[in-house]
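One structure is given below, encoded as structure tokens.
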Amino acid sequence: MLIRNFLTAQKQVQESSHDGTGPVDLYEIWGTSDFNSAVDFMDRMVVPPGTRVGYHQHGNNEEMYVVLSGQGTMTIDGKTVAVGTGDMILNPVGGEHGLHNDSDNDIDLLVIQISL
């Protein structure tokens with residue numbers, strides 16, 4: 001099927017994304033086998049208040065976070081910045097990043113990863 005709804009995808013719970021703290025809800029929308037290109041996946045991730053996606057480094061791929069709603073603090077290559085609804089964060093090849101939901105509301109993200 002060429003149409004999928006990211007709001008109704010099946011939920012999985014990751015207990016500590018990238019060795020972070022707290023569970024995140026992961027909704028796998030599209031995987032590698034759905035594409036003819038180098039896209040690895042397109043997922044929705046919901047990060048509850050107080051949860052951290054651990055600081056980690058990517059190898060041979062790029063990843064983008066699209067903040068659908070919410071706000072938090074993103075650390076990219078050692079620099080910490082506030083992010084919120086509408087922000088698009090590019091995590092480049094070899095880059096390091098992590099996300100902390102230091103707010104009182106969920107952060108709802110679309111996560112897209114593409115291999116080189």
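Remarks
- Annotation note: GluC sites (Glu not before Pro) in the range 11-90 located in DSSP loop regions with a Cβ neighbour count of at most 15 within 10 Å are Glu15.
- Positive-pole candidate from Ile107, Ser69, Phe6, dipole of the chain, charges at beta carbon: Phe6
- The slack between Asp102 and Asp34, meaning 0.36 nm per residue of separation minus the straight C-alpha distance, is 21.1 nm.
- Estimated dipole of the chain in Debye, rounded to 20 [Cβ of Lys and Arg +1, of Asp and Glu -1, Cα centre]: 120 debye
- Neighbourhood net charge (12 Å Cβ-Cβ; Lys/Arg +1, Asp/Glu -1) for Gly72: -4
Rule-based calculations on the coordinates, nothing more; no lab input. All values reported here derive from a predicted model rather than from experimental measurement. All Cβ positions, glycine included, derive from the backbone under ideal geometry; neighbour counts span all protein chains shown.
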